[in-house]
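Okay, so here's the structure we're looking at.
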Amino acid sequence: MSYPSISTLFNTRKIRSLMIGSVIATVVSACSSQSESTQASIDNKPSPPNILLILSDDHAWNDYSFMGHEIVKTPALDQLANEGVTFKRGYVPTSLCRPSLATIATGLYANQHGITGNDPSRELPGGKKGAAYQQQRAEIISKIDNLETLPNMLREQGYVSLQTGKWWEGSFSRGGFDQGMTRGFPQPGGRHGDDGLKIGRKGLTTITNFMDKTSAEGKPFLVWYAPFMPHTPHTPPERLLKKYQNRGLSDPIARYYAMIEWFDETNGELFEHLEKTGLKDNTLIVYVSDNGWITNPNQRDRFLPRSKQSPGESGVRTPIMFSLPNSFKPQMRPEVVSSIDIVPTILGAAGLEVPETLPGLNLFDNMANQTPIARDTIFGEGFAHDMDDLNDPESTLMYRWVIEDKWKLILSYDGKNVSYQSFHKGVLAGPRLYNVLEDEYEKVNLADKHPELVARLSGKLEDWYPVKTRSILK
């Protein structure tokens, strides 16, 4: 056997060394380029958007300039509607303040989160001042402790959150907010906002300072802006009140319209601040009203039946808007959407996975890509103002409703209605079927003419969630 010479071995090893060195250099160069590319990709990846969630209070679906109102002026919200994605056929599942806000905070229906009414039963021993009433009030608030709220979900992505305005569920911290204005029950005035209710009516510096500080720290923010507006008391500035009184309107209606314009002005201030500070392009603004309202023209600060607390369009319908300039082009969308879609859509915008337990849809891609929404039906429910059995939502179930395209079916139920049976007398009847595209004010009940449709839509309600409480079908 012959062996290679020393010189041959040396040259061969030298060549191999050079080849290995070349390979290593190539790999190192490639890894370096890949690392630089990855870092560049990370650097260029848009940061999670800031979120400004605006919730008006007791505001009718058509009382906006952009919705066609001939008297009310809402220039700030008009601008938002024209710049963002506007769903004119938006809805809240429940037309009462507290359960509606709890749905917006959790993404769950009232029958899921269990906060179905505003207050405990006033029929408890001792009434509102009794120990039983206060105990039940604390028990209702404690329901939020077992629920995942939007601020909690967003914290995973580094969000810092602020609560202002209306908040029923105790202290802001119980809702998962990092900062807030509401101390909550059992503080004096802690029923639904205490100090938080000053926002808007008494300036906006709490919000603008929070935005500036959080942004300076390089963190995304969530602002819950739920001012007590245009909610009663209708006490607008004199300059706005005179503007509407001069149109010959009754005093209650003039005050309500002036409150809407005052609320709109506060939104304009926030939008201007976002623009001035360079935050607007990457801030997701979401707008919705908690429920509807029809002012009693003869009685200040009162509403008429078929609005707040009712399943009518004037109770549950609201425009829902999303604006994110760096992602959404202006769109006026025809689809029916619900406030249960707000939480999953915000999570989608923040780059977070949407829990399967949420019943709503993440609309982010539909808005970004301008694609149709794959859903043709939404649902809602209504309960008495006061809660009876805190662990049985059906104890005060008054109605459920379903909308499929142009059709809306309302079914009434015989759940215990502590104090509003007489208020809704004549309204609690069923079934009621309306073509809401042609009859927006639900004047013509078509149930008798379309019994097959009533049966099919009733089946959809049962499939949504079955109830044992008897439906009123007479």
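The values are calculated or read from the model by the stated rules, or taken from the named source; none is laboratory data. Quantities reported herein were computed from a predicted structural model and do not represent experimental measurements. Ideal geometry is used to build each Cβ from the backbone, glycine not excepted, and the neighbour counts take in all protein chains shown. The accessibility values were calculated without ligands, DNA or RNA, using every heavy atom of the protein model including side chains. Shrake-Rupley method; radii C 1.70, N 1.55, O 1.52, S 1.80 Å.
Does segment 312-345 hold any residues that are over 18 Å from the mean Cα position of the chain (by Cα) and either surrounded by 22 or more Cβ atoms within 10 Å (Cβ to Cβ) or on the phi > 0 side of the Ramachandran plot (or both), and which are they?
G312 - this is the single residue of segment 312-345 that is over 18 Å from the mean Cα position of the chain (by Cα) and either surrounded by 22 or more Cβ atoms within 10 Å (Cβ to Cβ) or on the phi > 0 side of the Ramachandran plot (or both).
Quick one: what pairs do we get from segment 416-444, first residue over 27 Å from K468 (Cβ atoms), second of a type in the set (S, T, N, Q) and modelled with pLDDT of 95 or more, C-beta under 7 Å, 6+ apart or different chains?
Here the result reads none, with nothing in segment 416-444 linked to a residue that is of a type in the set (S, T, N, Q) and modelled with pLDDT of 95 or more.
Report, by residue number, each residue of segment 54-82 that is of a type in the set (D, E, K, R), under 17 Å from P236 (Cβ atoms) and open to solvent by 10 Å² or more (accessible area, probe 1.4 Å).
D63, K73
Looking only at segment 277-285, decide whether some residue is buried (at least 17 other Cβ atoms within 10 Å of the Cβ), of a type outside the set (S, T, Y) and under 30 Å from V402 (Cβ atoms).
yes
Which numbered condition in (1) open to solvent by less than 30 Å² (accessible area, probe 1.4 Å); (2) over 25 Å from H273 (Cα atoms); (3) free of Cβ contacts under 8 Å to residues at least 60 places away in the same chain is the only one that I199 fails?
(2)
Conditions tested, residue by residue: (1) under 28 Å from D178 (Cβ atoms); (2) in contact with a strand residue (DSSP E or B) (Cβ under 9 Å, 6 or more places away or on another chain).
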| site | (1), (2) |
| --- | --- |
| S65 | no, no |
| P93 | yes, yes |
| N111 | no, yes |
| S121 | no, yes |
| I144 | yes, no |
| S161 | yes, yes |
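I need the full set of residues from segment 256-270 which are farther than 27 Å from P297 by Cα and either surrounded by fewer than 20 Cβ atoms within 10 Å (Cβ to Cβ) or over 22 Å from the mean Cα position of the chain (by Cα) (or both), in order please.
G268, E269
Checking G292 against (1) at pLDDT 95 or above; (2) in a loop (DSSP other than H, G, I, E, B); (3) open to solvent by 10 Å² or more (accessible area, probe 1.4 Å), which single condition isn't satisfied?
It is condition (3) that G292 fails.
Of everything in segment 168-194, what is part of a helix (DSSP H, G or I) and within 17 Å of L150 (Cα to Cα)? Give them in sequence order.
Scanning segment 168-194 gives F172, S173, R174, G175.
Might you let me know whether segment 374-383 holds any residue that is of a type in the set (A, V, I, L, M), in contact with a helix residue (DSSP H, G or I) (Cβ under 6 Å, 6 or more places away or on another chain) and either at pLDDT 95 or above or open to solvent by less than 70 Å² (accessible area, probe 1.4 Å) (or both)?
Scanning segment 374-383, I find no residue that is of a type in the set (A, V, I, L, M), in contact with a helix residue (DSSP H, G or I) (Cβ under 6 Å, 6 or more places away or on another chain) and either at pLDDT 95 or above or open to solvent by less than 70 Å² (accessible area, probe 1.4 Å) (or both), so the answer is no.
Has segment 435-449 got at least one residue that is β-branched (V, I, T) and either at pLDDT 95 or above or part of a loop (DSSP other than H, G, I, E, B) (or both)?
yes
One line per residue, one yes/no per condition, for (1) modelled with pLDDT under 95; (2) part of a loop (DSSP other than H, G, I, E, B); (3) crowded, with 22+ Cβ neighbours inside 10 Å:
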site: D389; (1), (2), (3): yes, yes, no
site: S395; (1), (2), (3): yes, no, no
site: W401; (1), (2), (3): no, no, yes
site: I410; (1), (2), (3): no, no, yes
site: V418; (1), (2), (3): yes, yes, no
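Answer yes or no as to whether E139 is assigned to a helix (DSSP H, G or I), farther than 16 Å from D290 by Cβ and touching a residue at least 12 places away in the same chain (Cβ under 8 Å).
In short, yes.
Inspect all residues belonging to segment 347-361 and state whether any of them is open to solvent by 40 Å² or more (accessible area, probe 1.4 Å), at pLDDT 95 or above, within 27 Å of V436 (Cβ to Cβ) and not in a strand (DSSP E or B).
Yes, there is a match, as at least one residue in segment 347-361 is open to solvent by 40 Å² or more (accessible area, probe 1.4 Å), at pLDDT 95 or above, within 27 Å of V436 (Cβ to Cβ) and not in a strand (DSSP E or B).
Is it the case that some residue within segment 279-294 is of a type in the set (K, R), closer than 17 Å to G90 by Cβ, touching a residue at least 40 places away in the same chain (Cβ under 8 Å) and in contact with a helix residue (DSSP H, G or I) (Cβ under 7 Å, 6 or more places away or on another chain)?
No.
On the given criteria, is L197 in a helix (DSSP H, G or I), over 20 Å from L390 (Cα atoms), in contact with a Phe, Trp or Tyr (Cβ under 7 Å, 6 or more places away or on another chain) and among the hydrophobic types (A, V, I, L, M, F, W, C)?
In short, yes.
Would you mind telling me which numbered condition in (1) open to solvent by 60 Å² or more (accessible area, probe 1.4 Å); (2) in contact with a strand residue (DSSP E or B) (Cβ under 9 Å, 6 or more places away or on another chain) Q187 fails?
It fails just one condition, (2).
Within segment 40-114, considering only helices (runs of 4 or more DSSP H) that don't extend past its boundaries, which have at least 1 residues that are farther than 22 Å from G380 by Cα?
Hits in segment 40-114: 75-83.
Give me a count of the residues in segment 118-133 that are open to solvent by less than 60 Å² (accessible area, probe 1.4 Å) and either basic (K, R) or without any contact (Cβ under 8 Å) to a residue 60 or more places away in the chain (or both).
Count: 5.
Return the residues of segment 325-351 that are touching a helix residue (DSSP H, G or I) at 6+ places or on another chain (Cβ under 7 Å) and closer than 16 Å to A105 by Cβ; say none if nothing qualifies.
S339, I340, I342, V343, T345, I346, L347, A350
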